[in-house]
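The values are calculated or read from the model by the stated rules, or taken from the named source; none is laboratory data. Everything numeric here is computed off the predicted structure, so don't read it as measured data. In this analysis, Cβ positions are derived from the backbone assuming ideal geometry, glycine residues included, and neighbour counts consider all displayed protein chains. Just so you know, the surface numbers come from the protein's heavy atoms only, side chains and all, with ligands and any DNA or RNA stripped out. Shrake-Rupley method; radii C 1.70, N 1.55, O 1.52, S 1.80 Å.
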Amino acid sequence: MSPSPFIPPAVLTTPRLRLEPLGPEHFEGSWAALQNPESMRLTGTHQQFTREQVERWLAGLAETDGRADWAIITVEDGVHIGEVVLNDYDAANRSLGFRIALGADHTFGKGYGTEATRAVVDYAFDEIGVHRIGLEVYAFNPRAQRVYEKCGFRVEGRMRDALLWDGEWVDAVLMGMLATDPRPWSRLVASVK
């Protein structure tokens, strides 16, 4: 078996963000995100985590194969505002999954999600060499769906009643992007380390 292209994940920089491998040093930002009800709703996260569970998870990420987890850090003030992840790596089919979560309401609507998504999409296609990236977004999160569409993802289907949230069933929208699809932005990644 060939070595994983994800260990360790590269540091990615954009004009406003630094994406660095997520680890124990990002505990406070990760913990704060898990206490934010809106972030939990948008990601469909029902589970409540203990501090010890989060500490263990962060400590083990550097050695987890088949995924790359980055902390999203603002360049201006060094604040950890979320995470972005490539996961479910399928080497035989050159595909993987994608997810992103911003951890605080004040970070929504400022373009950080778009900027981080574009940087990681560029990295996945140009550096790792995957052919396909897939994701799911809940139907009650049209803002995220618009971000993904802006970044080149296309709607591929829908899973009906995929999430039960506050007594209501919510669909999951399936989206994907191929290496051959247009990327309607100039390459934002200033550097890959």
Pairing a residue in segment 11-24 that is farther than 12 Å from residue 112 by Cβ with any residue that is open to solvent by less than 40 Å² (accessible area, probe 1.4 Å) and hydroxyl-bearing (Ser, Thr, Tyr), where Cβ atoms lie under 8 Å and the two sit 6 or more apart in sequence or on different chains, gives 11/191; 12/123; 12/191; 13/191; 22/30
Are there any pairs with C-beta distances below 9 angstrom linking a residue in segment 106-135 that is touching a residue at least 24 places away in the same chain (Cβ under 8 Å) and under 19 Å from residue 80 (Cβ atoms) to a residue that is of a type in the set (Ser, Thr, Tyr) and in a loop (DSSP other than H, G, I, E, B), with the two at least 6 apart or on different chains, and if so which? 115/14; 116/14; 119/14
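Have a look at 94, 41 and point out the one that is at pLDDT 90 or above, in contact with a Phe, Trp or Tyr (Cβ under 9 Å, 6 or more places away or on another chain) and of a type in the set (Lys, Arg).
41
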Quickly run through segment 104-118 and pick out the residues that are open to solvent by 20 Å² or more (accessible area, probe 1.4 Å) and either under 22 Å from residue 37 (Cβ atoms) or not in a helix (DSSP H, G or I) (or both). 104, 105, 106, 108, 109, 110, 111, 112
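Could you tell me which of the residues 137, 121 is open to solvent by less than 20 Å² (accessible area, probe 1.4 Å), under 12 Å from the mean Cα position of the chain (by Cα), more than 22 Å from residue 45 (Cα to Cα) and modelled with pLDDT of 95 or more?
Numbers: 137 fails: more than 22 Å from residue 45 (Cα to Cα).
From the options 137, 121, the qualifying one is 121.
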Looking at segment 44-63 only, could you name the residues that are under 17 Å from the mean Cα position of the chain (by Cα) and among the small types (Gly, Ala, Ser)? 44, 62
Here, helices (runs of 4 or more DSSP H) confined to segment 1-61 with at least 2 residues that are hydroxyl-bearing (Ser, Thr, Tyr) are 37-43
Quick one: count up the residues across segment 62-105 that are in contact with a His (Cβ under 9 Å, 6 or more places away or on another chain) and under 18 Å from residue 141 (Cα atoms). 2
Do we find a residue being out of contact with any Leu (no Cβ under 6 Å at 6 or more places or on another chain) and either over 16 Å from residue 19 (Cα atoms) or of a type in the set (Ser, Thr, Tyr) (or both) anywhere in segment 75-85? no
Within segment 122-140, tally of residues that are touching a strand residue (DSSP E or B) at 6+ places or on another chain (Cβ under 9 Å) and outside any helix (DSSP H, G or I): 11
